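Contents: one structure, followed by commentary.
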Amino acid sequence: MTTTTFGVIGSGWRSMFFLRLARMAPDRFHVTGVVTRSADRGAQVTAEWGVPTHRSTAELLGADKPDFVIVSVPWAVTPDATREAVRLGARVLAETPPAPDLEGQPTSVQVSSTHLYHAVSMIRGLLGVRFESAVVSARAFTAPLADPLSFAGWSGNSTPRDMSTTIATMDFGGRMGLYDFTDNQWWNPLRTRRITIRGSIGELVDDRVVRLVDPKTPVESHLIRRQTGIDLNLEGFDLDHISVDGRVVYRNPFLGARFSEDDIGVAALLEATGAWARGDGPEPYPLADGLQDHLISLAIGESVTTGGPVTTSTEAWAR
């Protein structure tokens, strides 16, 4: 099995997600180095993670050229960092969209995304929508909610405070998406995720599937997880597979690494990016799709601000 190699531009907390995966699965991932702004921060990263650090992207690529580099820096500097890496001949996986607003030039990069644009990516992918115009209508609502957990850990405070929930509809002309997000929903254990996929003869809601098998017979199935390491199972805590009606529909490609589900998703993207960078596979998330997802997420914010619908236009990357 080919080991995927990558360098990281940036040393913030998001960058550590990638370093942690390489530490947990060294036979699958190798970090060639990290670009930090200062030697002091570089020494901290090396001491904690055991990887070399550099002060520039050119130095990173010159020392031990990886399959690709991950740009994991604040939005304001992401465009410049991405352009520099591409100019130096690197394949790029951008941890956030390649620009904070619509005024951005497409370049040879891929985008890894979360929050607004991540949700839009899921919606477009599940609906099979490409670059069609969308009419976006969004509103924000405020209500009290306890917020006991964040990236910093448990706060010890259970007092509810005002939190905002944004709900948006996306009309793609015959196909519709619904966006629903509450502040800090990533961490707050009081707000869980929901996924609903509705089709012409049935729907999937989280792990429940219902569909019509003949004009008078709706049937129900469930996505069943095989999770090892529970009770007296001694295989170690891991997701093994997911099945429906006795048929395995998903197998954990990193069995034995003890990854969380979020880690499995990130690791799968890293391997697919490495294969693309080496010419062994397709782009897992092309720049055009990242730009389109962010375009629609910007429309959600604009609709919340203006109180009216926003229609996206067909941009240059649609070609």
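I need the full set of residues from the stretch 194-226 which are part of a loop (DSSP other than H, G, I, E, B) and either closer than 24 Å to Ala134 by Cα or open to solvent by less than 50 Å² (accessible area, probe 1.4 Å) (or both), in order please.
The answer is Arg194, Ile195, Ser200.
Any residue at all in the stretch 293-302 that's touching a residue at least 12 places away in the same chain (Cβ under 8 Å), in a loop (DSSP other than H, G, I, E, B) and of a type in the set (Gly, Ala, Ser)?
No, because not a single residue in the stretch 293-302 is touching a residue at least 12 places away in the same chain (Cβ under 8 Å), in a loop (DSSP other than H, G, I, E, B) and of a type in the set (Gly, Ala, Ser).
Residues that are touching a Ser or Thr at 6+ places or on another chain (Cβ under 9 Å), closer than 27 Å to Gly308 by Cα and open to solvent by less than 80 Å² (accessible area, probe 1.4 Å): does the stretch 154-163 have at least one?
There is at least one residue in the stretch 154-163 that is touching a Ser or Thr at 6+ places or on another chain (Cβ under 9 Å), closer than 27 Å to Gly308 by Cα and open to solvent by less than 80 Å² (accessible area, probe 1.4 Å).
Which of the residues that make up the stretch 29-44 are farther than 17 Å from Thr78 by Cα and open to solvent by 30 Å² or more (accessible area, probe 1.4 Å)?
Scanning the stretch 29-44 gives His30, Ser38, Ala39, Asp40, Arg41, Ala43, Gln44.
Quick one: is Phe254 assigned to a loop (DSSP other than H, G, I, E, B), in contact (Cβ under 8 Å) with a residue 60 or more places away in the chain and open to solvent by less than 90 Å² (accessible area, probe 1.4 Å)?
Here the answer is yes, as Phe254 does meet what is asked.
So is Thr78 assigned to a helix (DSSP H, G or I), at pLDDT below 95 and under 25 Å from Asp263 (Cα atoms) or not?
yes
Quick check on my filter: what residues within the stretch 138-167 are modelled with pLDDT of 90 or more and among the aliphatic types (A, V, I, L, M)?
Listed by number, the residues that qualify are Ala138, Ala140, Ala143, Leu145, Ala146, Leu149, Met163.
Looking at Ser108, Ser72, Ser11, Ser15 in this structure, which one is at pLDDT below 95 and farther than 22 Å from Phe259 by Cα?
Answer to the check: Ser108.
Suppose we filter Arg225, Arg175 for residues that are of a type in the set (Lys, Arg), touching a strand residue (DSSP E or B) at 6+ places or on another chain (Cβ under 9 Å) and touching a residue at least 12 places away in the same chain (Cβ under 8 Å); which single one remains?
Arg225
Residues of the stretch 228-248 being open to solvent by 70 Å² or more (accessible area, probe 1.4 Å) and either touching a residue at least 60 places away in the same chain (Cβ under 8 Å) or out of contact with any strand residue (DSSP E or B) (no Cβ under 7 Å at 6 or more places or on another chain) (or both), which ones?
Selection gives Ile230, Asp231, Leu232, Leu234, Gly246, Arg247.
Enumerate the pairs (first residue in the stretch 71-97 and within 26 Å of Ala267 (Cβ to Cβ); second residue anywhere and hydrophobic (A, V, I, L, M, F, W, C) and in a loop (DSSP other than H, G, I, E, B)) with beta-carbon separation below 6 Å, excluding pairs fewer than 6 apart on the same chain, so at least 6 apart or on different chains.
Short answer, once both residue conditions are applied: Ala81/Val73.
Take the stretch 111-132 and flag every residue that is assigned to a loop (DSSP other than H, G, I, E, B) and either modelled with pLDDT of 90 or more or out of contact with any strand residue (DSSP E or B) (no Cβ under 9 Å at 6 or more places or on another chain) (or both).
Listed by number, the residues that qualify are Thr114, Gly128, Arg130, Phe131, Glu132.
The values are calculated or read from the model by the stated rules, or taken from the named source; none is laboratory data. Treat the numbers as computed from the prediction; the structure is a model and nothing was measured. Reconstructed Cβ throughout: ideal geometry from the backbone, glycine too, with neighbour counts over all protein chains shown. Heads up: the accessible areas ignore ligands, DNA and RNA and are worked out on the full protein's heavy atoms, side chains in. Shrake-Rupley method; radii C 1.70, N 1.55, O 1.52, S 1.80 Å.
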